[in-house]
Amino acid sequence: MSLQDGGTPEPQDDGPAPAAEGGTPAEPVAPRRGRPRSEAAEQAIFDAVVGLLEEGVPLTELSIERIARTAGVGKATIYRRWPGKEELFVELLRSVEPPDPVLTGTSVRDDLVMLLEMLRQRGLAKRSSALLHNVFSQMQAYPKLWEAYQSTVIEPRRRLGLDTVRRGMELGEIRDDLDVEFVNDLFTGPLLLRTVIRPGADLEPGLAERVVDAVMEGLRPRP
């Protein structure tokens, strides 16, 4: 058993069953029940970050050392999973946000609805989760975290939208004489307005469908 970075000792894998007298192998040890150690360690780390945030510790003061000490693991346990605390924070946010949709690719309209519904669900989650509200309120004052979140979460989602709009143009469902980025903004704008600029605005069920249908009606190819 070894100590890592002054933290608590991490459990070691059990070795092979010892041989009984006469060289006969002993009965194998039954596997332990419960979550794998790696999953349990990750959950302990996430719980430590959440607990510290709930205590009012600012993001800028959450060091890897402090997180490791609170979680009861060594710093190396964290660094084996994440290059730094920004990546850790981003993964924590993703774990409490609604999952990204898996687009079917069979209908441009349906894929756009799924993407906007994801934005609606994220807006609802941000309103109901103290953790999300706390972190997002601090993120823009933490440039490294904001950049990491933008590059690993926001940008891939934006590319999904652009690819879907582009496919709609190629299939003749959306007029192709407009800039793809501009058209994508027309779809996502109403949801972002209600989740970011007007955080108290309605995010009622069916909103994604209404936005997509209204925008697509206005963007039908001209005869």
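The values are calculated or read from the model by the stated rules, or taken from the named source; none is laboratory data. Predicted model only: the values in this text are computed from it and were never measured. All Cβ positions, glycine included, derive from the backbone under ideal geometry; neighbour counts span all protein chains shown. We work out accessible area using only protein heavy atoms, side chains counted, and drop any ligands, DNA or RNA first. Shrake-Rupley method; radii C 1.70, N 1.55, O 1.52, S 1.80 Å.
Taking interchain pairs and intrachain pairs at least six residues apart, which have beta carbon atoms under 8 angstrom, with the first residue in the range 90-107 and closer than 14 Å to TYR149 by Cβ and open to solvent by 30 Å² or more (accessible area, probe 1.4 Å) and the second assigned to a loop (DSSP other than H, G, I, E, B) and of a type in the set (A, V, I, L, M, F, W, C)?
Short answer, once both residue conditions are applied: GLU91/TRP82.
Out of curiosity, is ALA76 small (Gly, Ala, Ser), under 21 Å from ASN134 (Cβ atoms), modelled with pLDDT of 95 or more and out of contact with any strand residue (DSSP E or B) (no Cβ under 7 Å at 6 or more places or on another chain)?
no
Within the range 19-40, is there a residue that is touching a helix residue (DSSP H, G or I) at 6+ places or on another chain (Cβ under 6 Å), among the small types (Gly, Ala, Ser), at pLDDT 85 or above and in a helix (DSSP H, G or I)?
Scanning the range 19-40, I find no residue that is touching a helix residue (DSSP H, G or I) at 6+ places or on another chain (Cβ under 6 Å), among the small types (Gly, Ala, Ser), at pLDDT 85 or above and in a helix (DSSP H, G or I), so the answer is no.
Looking at the range 134-158, which of the residues that are under 12 Å from ARG94 (Cβ atoms) and under 12 Å from the mean Cα position of the chain (by Cα) is most open to solvent (accessible area, probe 1.4 Å)?
Filtering first and then ranking leaves THR152.
Each row is one residue, and each column tells you yes or no for (1) over 28 Å from GLU204 (Cα atoms); (2) in contact with a helix residue (DSSP H, G or I) (Cβ under 6 Å, 6 or more places away or on another chain).
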residue	(1), (2)
SER128	no, no
LEU132	no, yes
SER137	no, no
GLN140	no, yes
PRO143	yes, no
GLU155	no, no
THR164	no, yes
LEU171	yes, no
ASP176	yes, yes
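Filter the range 122-133 down to residues that are under 14 Å from VAL196 (Cα atoms), in contact (Cβ under 8 Å) with a residue 12 or more places away in the chain and more than 13 Å from the chain's Cα centre (by Cα) and give me whichever is most open to solvent (accessible area, probe 1.4 Å).
Result: ARG127.
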